[in-house]
Amino acid sequence: MSFLLSTLRRRLSLKRLQRRGGPRPKSGNGFRRFWSWTALIVGGLYFFLPLIGTLEFSLRMRRGEYSLDAYRSVLEDPRFQQTLGYSVIMALATIVVGILIVVPTAYWVRLRLPRWRPVIEFITLLPLVIPAIVVVFGYIRLFNTSSFLPMTGTTMGTNILLMFGYVMLALPYTYRAVDTGLSTIDVRSLTEAAQSLGASWVTIIGRLILPNVFGAVMSGAFLSFAIVIGEFTMASLLNRPAFGPYMQILGANRAYEPAALAVIAFAITWACMGLLSLVTRITRVGRAGK
Amino acid sequence: MSFLELQNLEKSFGDTRVVKDFNLNVAKGEFISLLGPSGCGKTTVLRMVAGFEAPTSGRISVDGKDITRLRANQRNVGMVFQSYALFPNLTVAQNVGFGLKVAGVPKSERNPRIADMLALIGLPDLGDRYPWQLSGGQQQRVALARALAPKPQMLLLDEPLSALDAKVRVSLRNQIREIQQQLGITTIFVTHDQEEAMAISDRIVVMHQGVADQIAAPQDIYNRPSTEFVAGFVGTLNRLTADVLDPETGHIRIGGSEITLGQPLPAGRVTLSARPEAFRLAATGIAAQVTKVEFLGALISVAAQIDDTPVSFVLFNGGDDPVPEPGSRIHLQIAPSRLLIKQAA
Ligand SMILES: Nc1ncnc2c1ncn2[C@@H]1O[C@H](COP(=O)(O)OP(=O)(O)O)[C@@H](O)[C@H]1O
Ligand SMILES: [Mg+2]
């Protein structure tokens, strides 16, 4: 370990020397550049070829010419609008509930339970290793109509159950984002300064902590959004009319429309990512624009 | 009756007693410094007064009312931190007005108060800036204004100057003292810098391993330290060992020289402790050899050796005596009134 570190350090200082205008090993550099370009191109093809293929296919509904017929067909389908609307509302609820759970928890752990941080972090990572299908069957067993809390008995109850499932699925991303945001401020001093000025916990979290981790909260929110829009397993097993199951049904029954739908879903996800980086950049400029 | 009373205050973290039987009475409007080395429990005492730590035992009362169990946000105490702790998402004016807003003061009353506070700290035009746009000294002044804006009963400062550079440190400490006197606010100031504590305090509490060793005015702390620790921690102290040759006249031998102090001494060996300013150059007295001369402006600091014992003393620049050269042999007289004498073990 220490050997690795020292090697790394030596390489870094070598690099620094080179940047200062020392003699550069020209041929080695060109060689390295060739391989990094190759890697980039191969990676790009791997990502974009299927996408381009899908896009091209989605435009071929009309025989002999490119058209947007498949998109029109999808957008005019009332089930598309219903399921997308349902998933967007679920995503927004997931984001709000997620923030209400994650921000105070991460804050409290940093303020009062710093020793528990590794444990909490581990718990938030569990959704990555426990398959969603296992979780859903657990939910159904725990909350079925003959249980102590029969949430699956009503539509609203099932919606709420699904929403909490989504919150859990997004936990690894939201918790990490918020915790990283909190690490950039001096949580303890700010809290104590506010307390000595008479502030209550609600004021401290609402007016000081939340605004200061706003960028982090937003990136967590966009990730939650992307996860909820594309989620299939939970919505399908709980039998809710979400966007994920709709994509699956359409894919099983049509030829061109699923490709168009895939492109639309991709566009939504990418728009989320774009907004994410935009918001992060704006808040960062506002803060450390020095 | 004193304004703030700390009675038999104790604080333990696990098995470690960090503050031990701490007693302090602070008068209204008094400026008290808690002075001591790092880790001696100064911050812990201050945090108990602020309400961030609950005492293990003991009592804290303000104006006769017991506040030992009162929550921090109910105590109406202004706090200034070493790290400034300004709210990064709020402007300077919003920072200063935060306590007033929390207390429900309407905007029409809040704004003039904010303007007053910004004028008080000498930054009247910076209300719209954000904390990261200010220098460290400016940020700490804003933190002071923020703490004072809701008219707290007390002002608590935890090493507020430690993160600043030397020049700002001196000017800001004077500004803090001026504002404190202007408002007449009861203040506790934590520092590990004895010069800082000396310069601005009404009284100093010298702390050592969780205990208040001495509580007194700066001159008394310096001139009449009550324990060895206080004597050594505050100011420079020269320690010399001497053999008493005649206990009645105070005739002693230090190194190879003999001098008469003119006061009765215990027989045997004694330790003499003396501040740098207790020595002066003379034609006769204790023989010493100069090792180092340091020019400080008004004063000249001289290090010398009496046999193998190092001593340091100061001379006035422009005094009658010529400044000794390093390596030269000199003779020193000690003012007996400035000596602390102890029987050596
Ligand atoms: N929350 C805490 N838990 C355990 N030990 C602490 C805690 N706070 C302070 N201490 C210990 O108490 C001692 C005094 O600390 P502190 O009051 O901060 O000293 P000072 O401010 O004089 O440097 C130190 O040894 C410190 O390690
Ligand atoms: Mg401290």
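For B:A197, the conditions (1) within 19 Å of B:V77 (Cα to Cα); (2) within 14 Å of ligand 1 (Cβ to nearest atom) all hold with the exception of (1). Scanning the range B:269-289 for residues that are within 15 Å of B:L240 (Cβ to Cβ) and over 34 Å from the mean Cα position of the chain (by Cα) yields B:G285, B:A287. Of the helices (runs of 4 or more DSSP H) lying entirely inside the range A:165-253, those containing at least 3 residues that are surrounded by fewer than 22 Cβ atoms within 10 Å (Cβ to Cβ) and modelled with pLDDT under 90 span A:214-230, A:243-253.
Having 2 or more residues that are more than 14 Å from ligand 2 (Cβ to nearest atom) and more than 14 Å from chain A (Cβ to nearest Cβ) is the bar; report the strands (runs of 3 or more DSSP E) wholly within the range B:18-100 that clear it. Give the steps one after another, and end with the answer.
Values: elements: B:31-35, B:57-62, B:77-80.
Qualifying strands (runs of 3 or more DSSP E): B:31-35, B:57-62.
Restricting the first member to the range B:18-38 and to residues that are on the phi > 0 side of the Ramachandran plot, and the second to residues that are more than 15 Å from ligand 1 (Cβ to nearest atom) and in a strand (DSSP E or B), the beta-carbon pairs closer than 7 Å and six or more apart or on different chains are B:D21/B:N8; B:G29/B:T186.
In the range B:50-63, the qualifying residues are those that are touching a residue at least 40 places away in the same chain (Cβ under 8 Å) and either more than 12 Å from B:V26 (Cα to Cα) or of a type in the set (K, R) (or both), and the one that is surrounded by the most Cβ atoms within 10 Å (Cβ to Cβ) is B:P55.
Looking at the range B:26-49, which of the residues that are buried (at least 17 other Cβ atoms within 10 Å of the Cβ) and away from ligand 1 (no atom under 16 Å from the Cβ) is nearest to the chain's Cα centre (by Cα)?
Residues of the range B:26-49 that are buried (at least 17 other Cβ atoms within 10 Å of the Cβ), as a first pass: B:26, B:30-36, B:40-49.
Checking the rest, the ones that are also away from ligand 1 (no atom under 16 Å from the Cβ) come to B:26, B:30-31.
On the way: B:V26: 16, B:E30: 14, B:F31: 11 Å.
Among them, the one singled out is B:F31.
Within the range A:113-123, can one find any residue that is touching a residue at least 60 places away in the same chain (Cβ under 8 Å), aliphatic (A, V, I, L, M) and exposed (fewer than 15 other Cβ atoms within 10 Å of the Cβ)? So far as the range A:113-123 goes, no, none of its residues is touching a residue at least 60 places away in the same chain (Cβ under 8 Å), aliphatic (A, V, I, L, M) and exposed (fewer than 15 other Cβ atoms within 10 Å of the Cβ).
In the range B:211-226, is there at least one residue being within 14 Å of another protein chain (Cβ to nearest Cβ), in contact with an Asp or Glu (Cβ under 8 Å, 6 or more places away or on another chain), polar (S, T, N, Q) and away from ligand 2 (no atom under 16 Å from the Cβ)? Even if it seems obvious, please write down each step before you answer.
Taking the range B:211-226 as the starting set, the residues that turn out to be within 14 Å of another protein chain (Cβ to nearest Cβ) are none.
Taking every residue of the range B:211-226 in turn, none turns out to be within 14 Å of another protein chain (Cβ to nearest Cβ), in contact with an Asp or Glu (Cβ under 8 Å, 6 or more places away or on another chain), polar (S, T, N, Q) and away from ligand 2 (no atom under 16 Å from the Cβ).
The numbered conditions (1) on the phi < 0 side of the Ramachandran plot; (2) surrounded by fewer than 22 Cβ atoms within 10 Å (Cβ to Cβ); (3) of a type outside the set (K, R) are all true for B:G122 except (1).
Could you tell me which of the residues A:T203, A:T233 is β-branched (V, I, T) and in contact (Cβ under 8 Å) with a residue 60 or more places away in the chain? It would help to see each step written out before you state the result.
Values: A:T203 fails: in contact (Cβ under 8 Å) with a residue 60 or more places away in the chain.
Checking each option against the conditions leaves just A:T233.
The single condition from (1) more than 18 Å from B:I215 (Cβ to Cβ); (2) within 26 Å of the chain's Cα centre (by Cα) that B:G99 fails is (2).
Yes or no: B:L86 of a type outside the set (F, W, Y), within 16 Å of ligand 1 (Cβ to nearest atom) and surrounded by 19 or more Cβ atoms within 10 Å (Cβ to Cβ)? So B:L86 fails the test. Once the range B:101-146 is narrowed to residues that are acidic (D, E) and not in a helix (DSSP H, G or I), the residue that is farthest from the other protein chains (Cβ to nearest Cβ) is B:D125.
Can you tell me how many residues in the range B:151-165 are part of a strand (DSSP E or B) and either more than 14 Å from ligand 1 (Cβ to nearest atom) or surrounded by fewer than 17 Cβ atoms within 10 Å (Cβ to Cβ) (or both)? Step through it out loud before you land on a result.
First pass over the range B:151-165, keeping only residues part of a strand (DSSP E or B): B:154-158.
Cutting the leftovers down to either more than 14 Å from ligand 1 (Cβ to nearest atom) or surrounded by fewer than 17 Cβ atoms within 10 Å (Cβ to Cβ) (or both) gives us B:154-155.
Matching residues across the range B:151-165 total 2.
Screening B:L299 against (1) touching a strand residue (DSSP E or B) at 6+ places or on another chain (Cβ under 7 Å); (2) within 16 Å of B:L237 (Cα to Cα) leaves a single unmet condition, (2). Does the range B:56-83 hold any residues that are away from ligand 1 (no atom under 16 Å from the Cβ) and under 23 Å from B:R177 (Cβ atoms), and which are they? Hits for the range B:56-83 are B:V62, B:N76, B:V77, B:G78.
On the given criteria, is A:L275 more than 30 Å from B:V102 (Cβ to Cβ), away from chain B (no Cβ under 14 Å) and within 18 Å of the chain's Cα centre (by Cα)?
Working: more than 30 Å from B:V102 (Cβ to Cβ): yes; away from chain B (no Cβ under 14 Å): yes; within 18 Å of the chain's Cα centre (by Cα): yes.
Here the answer is yes, as A:L275 does meet what is asked.
In this structure, does A:G206 turn out to be at positive phi and within 14 Å of chain B (Cβ to nearest Cβ)? Write out each step before concluding.
Numbers: at positive phi: no; within 14 Å of chain B (Cβ to nearest Cβ): yes.
No: the conditions fail for A:G206.
Counting only residues that are farther than 30 Å from A:D179 by Cα, give me the helices (runs of 4 or more DSSP H) lying completely in the range A:47-141 with at least 1 of them. Full working, then the answer.
Numbers: elements: A:69-76, A:78-112, A:117-129.
By residue number, A:69-76, A:78-112.
The values are calculated or read from the model by the stated rules, or taken from the named source; none is laboratory data. Values in this document were obtained by computation on a predicted structure and should not be read as measured data. Every residue, glycine as well, gets a Cβ built from its backbone with ideal geometry; the counts of neighbours run over all protein chains shown.
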